[in-house]
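Taking it in order: structure first as C-alpha cells, then the write-up.
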C-alpha cells in the first residue's frame, strides 16, 4: 500500500536487518536546465532561478545560468521582462499577481525557449487553526506532550482543488523533504476539511505559522511526483522518474502560481 | 446478465460440439479398425493412505514403447491389441508392481503401490529409476513432490513450495524472502496460480514473505514455464498447478509442526473406509506475540499474523463416479495500536465430479469459486473510514480425457468464468466523492482440444489449440481518452451488454524426438493470452494491488514462446540433465505513467502506458533424484527487456527481473537413518534498478536527476542455507522429528534496497545507504505424526 506500512511490516519481522553506507558508482549525466519560478497572489517580488544539474555525489554548488531572457506573460497582456538580479537569479520587483488568472513563463537560453503555464486559482481561506493533545499510536511512544495541529478550511464545491500547506514552526520554515504536505479534494469535494498536520508535532509554547496554498492541477502533479522521489526509499516504490514538469522542451523544475491564505497560533501551556 | 451468460455458454457448447464432431469424424476410422483391441483402465493409489498417485507410469513389458500415465485423479487407460501382457506400475519412491494380465476384453485394474522404506541402510535397491525426463512429450515443466523437498532449508523454517520452485532454472524470486516469482522473464502477475483448479489472486502472506500454500495439505505441485497444456489459459507466463491431498482413506491420522513463528496441524481420515476421506489442515503464525514484549506502547497494541485453513473431502458415490469438495480460506490481519486495522485474504472453493463414461473416456466437471478481498479501517477521534476492494469469480469447467488408443490421448473441454471486480471503495464519516467507482464485470471462457500422439517409437507430438474469449460487460461505463490521458467521452452500457469483446486463438505445440535410450530433443511453441491485469505501484507484492479487466482501453497481454531443449539421463537414469533455450515476445505489456494515481481513480486506465517486451535465455539443470545424496544444480542465463514509447525516451530497457546469471545448488544427504543434512546455495546478478545520474535543487531540497529507467544494477546476491533433520521416531503410524536450519549461514549482507541520503555530519555530502534483511536467521521446528 505504501512504503511506510511496508517498512513497518518488515521491521516487525526482521531479527537481523542492518544498514551500511556503500559505494555506488553513478554516471555523470549531461547537464540539464532547471527552472524554478514561484508566483504568489498580491504584490510580491517574483523570483526565477535558473541553474544546471550537477553530479549526484558532488558537493560543489550547481552551475547557475545568467544569460537567459526571462518573460512573464499574464493572460492577455504583453510579456513583462524579468531582469537578472544576481548569479542565475531573476527578479521582477513588486509585481501585482491576480487570482483567477493564467500566467506563462518563457525562458530563452542560448536560443532555445522553454515555457510553462500556470493558473492562479481563487483563494481558499484558511478558516482556523486548532491543536489538540495527540494520544493516537500510544502518543507516538513519547512521554512528552505532543500536540497535533489541524488546519480547517471549506472546500469549494464542484471544482477540483489542490492544496499545499507550508508550516513555519517558531520562525523556522519547515522545508525539508518530509515536510511536504499536499492534498486534494478528491474525496471531500465541497466539504469542510480538517487537515491534521502529521508532518510535525508541536510542544507547549511553540508558535505555528501556517500557509494554505492553492494551485492548479499541473503544479500539484509536479509537487506530488517531486515528493515521491524525494521522500521514497528508493527501491520499494515503483521505478522512480523525474517529476512531471510543466515546462516544455525537457527543462526540469516548475513554474507555480499560488494563492495563499495564512494564519498563526501559539500553543498555550 | 444471466441471459448473456446463457448466450455465451450456448456459443461455447456449439463450438465444443463442432470440435467433437470433427474429431469423431477424423478418428472414427481408427475406432472401427481397432475392434480387436481391448482397454485396461483403473486407478493407482498409495497403499498407505489411499491417496491417488498423479503421473504414475504404466508400462507394457512386451511392447517396450507402449505405456501411459495416470491423470490428476490417478486414473489411467491403455488400449492394447488383445493378448497376455506383463504390466508394470511404478511411481518414484514406490515399489514397482508387475502383474501378468490376460487382456482379452476391457479390464478394470486398480493398483495400490507400496512406498519404499527409503531409509533402509546402504543402497536403495528397488528404487524406481524413471526415464520420464527423456520420454515425456513435455518441456519447461517442473514437478515437485512436497514431501521430497521438506528438508530443504528455508527462511523461518516454514517449508514453502514456492520458495523451492525459486531454486529451479527459469524461476526467480521477486525479492529477498519473497514468495512472488518471475518465470522466464515474465511478471509476477503473469503466473496463473491454481489451488485445486481455483485461481488464487494474491498467493502470499505478510507482504510476500510466506506463500499461501501450507505444504502439509499439498499433494502435487507442477509449474509449467513453457509448453503450457491447452487446458490452461488466462495468464501470459506460466501455470502453477497445485493440488491438495485427498485425505487418508485407510485410517485416521494427525500430523503437525511447532515452529518459532508458526504452527501447523493436519487431521485426516476416512469418511467411509476406502470410499471417501477428508483432510483438514490449518496454520497460524504468532510472530506478533513478541511484540507484547516491547516497551513501545504502540507496538504492544499491534497485531500481525496470518492463518489459513485447507479442507477437502471426497467420496466415491458409485464405481464410476466420485465427488470432491475442497476449500481454502486464509487471512492476514494487521493492526497498529487501536487506530488502524488492515486485513486481506483469499477464499476458494471447488466442487468436482469425476465420471468414467467408459474405460476410455474420463470426465471431470468442476464448479469453482474464488475471492480475494482486502479491508482497511482507520479511526481518529470521531472520524472513521473504511477502504474495501475485492475480485470474485464463479467458474464452470468441463474436461474430458479420451484415451483413444495407445498412440493418442486426447484432452478437450471448456470453461466459462464470471468475474466481478469490486474497485477500491472508500467510505467513512463525512466523506463525499465526486465520482463513485462502480463494480465491473466480465465473462472469460475457453474451449480447447489437445492430442498427445506417438508417431513412431522415437517421435511423439502434442498439438492443441485453445480458443479463448473475454467479454467485458455492463452494467458499466466505458471511457475514451486522448493520447495524453484526458477523458474525451464516456458511454453507459446496460446489464449484460458487451462493452468490449476479445477473442484469441492460442496454439500449443510440442514435439519430442528420442535420440537413444539416454537422450532426446524437444521443441515447443505456445501462445498465451492474459485478459486480467494487476495494477501495482510497489515492487513487492502488496495486498492493495488491484486486478482490472481488459477493456476498450486495456488490451489483452499476448506472449509467444518458442523453446528448444536437449534432455539426457546418466548412470541408468540416476542423473537427469537438461538444457532448454527459449525466446519469448511479450505484447500489450503494462506500465504506469510517472506519478500514476492507481488509488480511487475513476480514470485509472488513463494512467497506463502500453509497450512490448522480449525475454530469452538458456536453462541448465542437473538433478539427482535417488541415492543417499539427492538434489540439483541449476544455472539460468537470461535477459528480460521492455520497450515503451513514453518510458526511457522509447529506448529498450531492462525489466527489474533482468538478472543475467542465476545459480542454485540444492543438496540433501542422508547421513544415517536418523540424521539428514541439507543445504542450498544461490547466486544471482543484482536486479535492474533506477539510480540518479545527477542532481539539482528545487524548493530548497536536493532532487535526484534520472536519465534512464533501470540503467543500474543492485549488487550481486548470494546466500547459503543449512539444515539438519533429526528423526527421533519413524514407524508406519508414528513419526517425530526436529528440524534446525540456518538461513544465510555466512551472513552475507545482501542489498534489499539502496537509498541515498545526506551524511549526518556533513549535510552537503550525499551517501548511498544499503539496507539488508535476514542475516543468520536460525529456526527450529518440531514435526510430528500419529
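The values are calculated or read from the model by the stated rules, or taken from the named source; none is laboratory data. Keep in mind it's a predicted model, so treat the numbers as computed, not measured. All Cβ positions, even for glycine, are placed from backbone atoms using ideal geometry, and neighbour counts span all protein chains on display.
Summary of values
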item	result
Number of positions in the range B:522-549 that are part of a loop (DSSP other than H, G, I, E, B), closer than 26 Å to residue B:478 by Cβ and modelled with pLDDT under 95	4
Residue check, residue A:160 free of Cβ contacts under 8 Å to residues at least 24 places away in the same chain and either surrounded by 15 or more Cβ atoms within 10 Å (Cβ to Cβ) or within 14 Å of chain B (Cβ to nearest Cβ) (or both)	no
Of all residues making up the range B:730-765, the number that are in a strand (DSSP E or B) and either more than 10 Å from chain A (Cβ to nearest Cβ) or under 29 Å from the mean Cα position of the chain (by Cα) (or both)	11
Members of the range B:683-706 that are at the interface with chain A (Cβ under 7 Å from one of its Cβ atoms) and within 20 Å of residue A:23 (Cα to Cα)	B:689, B:690, B:691, B:692, B:693, B:694, B:695, B:703, B:704, B:705, B:706
Boolean, residue B:306 is in contact (Cβ under 8 Å) with a residue 60 or more places away in the chain, closer than 20 Å to residue B:208 by Cβ and in contact with a strand residue (DSSP E or B) (Cβ under 7 Å, 6 or more places away or on another chain)	yes
The range B:489-521, residues that are in contact with a helix residue (DSSP H, G or I) (Cβ under 9 Å, 6 or more places away or on another chain) and in a strand (DSSP E or B)	B:498, B:512, B:514, B:519, B:520
Total residues in the range B:682-700, condition in a strand (DSSP E or B) and either surrounded by fewer than 18 Cβ atoms within 10 Å (Cβ to Cβ) or out of contact with any helix residue (DSSP H, G or I) (no Cβ under 8 Å at 6 or more places or on another chain) (or both)	8
Residues located in the range B:709-729, provided they are under 22 Å from residue A:229 (Cα atoms) and more than 9 Å from every other protein chain (Cβ to nearest Cβ)	B:713
Any hit, the range B:766-778, residues being more than 12 Å from chain A (Cβ to nearest Cβ) and either within 30 Å of residue B:694 (Cβ to Cβ) or part of a strand (DSSP E or B) (or both)	no
Residue in the range A:48-72 that is farthest from residue A:102 (Cα to Cα), counting only those that are in contact (Cβ under 8 Å) with a residue 40 or more places away in the chain and not in a strand (DSSP E or B)	A:53
Filter result (buried (at least 16 other Cβ atoms within 10 Å of the Cβ) and within 13 Å of another protein chain (Cβ to nearest Cβ)) within the range A:198-213	A:213
Residue A:103 being in contact with a helix residue (DSSP H, G or I) (Cβ under 6 Å, 6 or more places away or on another chain), surrounded by 17 or more Cβ atoms within 10 Å (Cβ to Cβ) and under 27 Å from residue A:250 (Cβ atoms)	no
Within the range A:29-56, tally of residues that are more than 8 Å from chain B (Cβ to nearest Cβ) and closer than 17 Å to residue A:115 by Cα	10
Residue A:90 being away from every other protein chain (no Cβ under 12 Å) and crowded, with 16+ Cβ neighbours inside 10 Å	yes
Checking residue B:648 against (1) surrounded by 20 or more Cβ atoms within 10 Å (Cβ to Cβ); (2) free of Cβ contacts under 8 Å to residues at least 40 places away in the same chain, the condition it does not meet	(2)
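Quick grid of which residues meet (1) over 30 Å from the mean Cα position of the chain (by Cα); (2) assigned to a strand (DSSP E or B):
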| site | (1), (2) |
| --- | --- |
| B:73 | no, no |
| B:76 | no, yes |
| B:85 | yes, yes |
| B:98 | yes, yes |
| B:102 | yes, yes |
| B:105 | yes, no |
